[in-house]
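Before any comments, here is the structure.
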Amino acid sequence: MDVLFQAVSPHNGVTVRCSRPRWDEHIVAEHPEMSGQEPLVALTIQEPFAVYQSDTHANRHVLYRPSTLPPPLNRGFIRAIVEYRGGEGWLITAFHTMAAKKRETRQLWPVDDR
């Protein structure tokens, strides 16, 4: 598999990889604002603002980080969806969104220990 980039997520210590075909043929093809934003997505995985359990896929986590895309996309968040299988993480998609936590209800990280 042609790995474009990889990053370790702090909430579970798993290395998340993104293949070049996934990046080019899905992420950039469907979300052109992400072209050239591989470092931002890697940072979203390495230093997320929050991580949620996907409500639709038991083996997927949804990671958010405040957006640093050029205006007007500098508001909102980068949303990265990671699928875990066989002890590895694979980036499924990543895109800009104005609202975090659209469908997710269970926050995994950071954990509020109050």
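Does Thr105 meet the test of being exposed (fewer than 14 other Cβ atoms within 10 Å of the Cβ), closer than 23 Å to Arg22 by Cβ and of a type in the set (S, T, N, Q)? In short, no.
Residue count for segment 45-60 satisfying the condition of being surrounded by fewer than 13 Cβ atoms within 10 Å (Cβ to Cβ) and closer than 16 Å to Ala100 by Cβ: 1. The condition (being surrounded by 14 or more Cβ atoms within 10 Å (Cβ to Cβ), under 14 Å from the mean Cα position of the chain (by Cα) and modelled with pLDDT under 95) is satisfied by just one residue among Ala7, Ala80, Ala100, Ala42: Ala100. Within segment 1-13, being part of a loop (DSSP other than H, G, I, E, B) and hydrophobic (A, V, I, L, M, F, W, C) holds for one residue alone: Met1. Are any of the residues in segment 79-93 in contact with an Asp or Glu (Cβ under 6 Å, 6 or more places away or on another chain) and not aromatic (Phe, Trp, Tyr)? For segment 79-93, residues in contact with an Asp or Glu (Cβ under 6 Å, 6 or more places away or on another chain) and not aromatic (Phe, Trp, Tyr): present.
Considering (1) surrounded by 19 or more Cβ atoms within 10 Å (Cβ to Cβ); (2) outside any strand (DSSP E or B); (3) in contact (Cβ under 8 Å) with a residue 60 or more places away in the chain; (4) of a type outside the set (Gly, Ala, Ser), the lone condition that Val16 does not fulfil carries the number (2). Looking across segment 19-38, just one residue is touching a Phe, Trp or Tyr at 6+ places or on another chain (Cβ under 8 Å) and loosely packed, with under 14 Cβ neighbours inside 10 Å, and that is Glu30.
Looking across segment 5-53, the residues that are acidic (Asp, Glu) and within 16 Å of Val82 (Cβ to Cβ) come down to Glu38, Glu47.
The values are calculated or read from the model by the stated rules, or taken from the named source; none is laboratory data. These figures come from a predicted structure and were not determined experimentally. Methodologically, a virtual Cβ is constructed for each residue, glycine included, from the backbone with ideal geometry; neighbour enumeration extends over all protein chains shown.
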